[in-house]
Structure formats: C-alpha cells, structure tokens
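Step one of this worksheet: look at the structure below.
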Amino acid sequence: MPHEFPPWEAVYQQTQRWLQAGCFEAMVNDLRSVLRAAQGQ
C-alpha cells in the first residue's frame, strides 16, 4: 500500500467493520438502483 495510507492492519480492521455492518451490500444495492433508473427500468 502507498506510504500515505494507514498501516494495512488498520485498513483491514476498518474494512471488516464495514463488511459486518452491511455497508458494502448497501452500496451495491444503491448502485443497482441507480443503474436500473439510468436504464429506464
């Protein structure tokens, strides 16, 4: 990782918290809605 990023352990821990909280699933669902709206569905 670039040196300006936090240590990989900190990035990993934060990513795990987001995964457990369902953040990525929510982003995928929101993106799907945006794409469907853009396609006129």
Using distinct alpha-carbon pairs, which all enter the 1/r mean, Kirkwood radius of the chain in Å: 12.2
Principal-axis tilt of helix 23-38 within the chain, Cα atoms, nearest 10 degrees: 30
Cleavage-rule hits, GluC sites (Glu not before Pro), the chain, DSSP coil, Cβ neighbours within 10 Å at most 16: Glu4
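Read the figures in this text as sums done on the coordinates, not as results from a lab. Small disclaimer: the values here were computed from a predicted structure and weren't measured. Please note: Cβ atoms are built from the backbone with ideal geometry, for glycine as well, and neighbour counts cover all protein chains shown.
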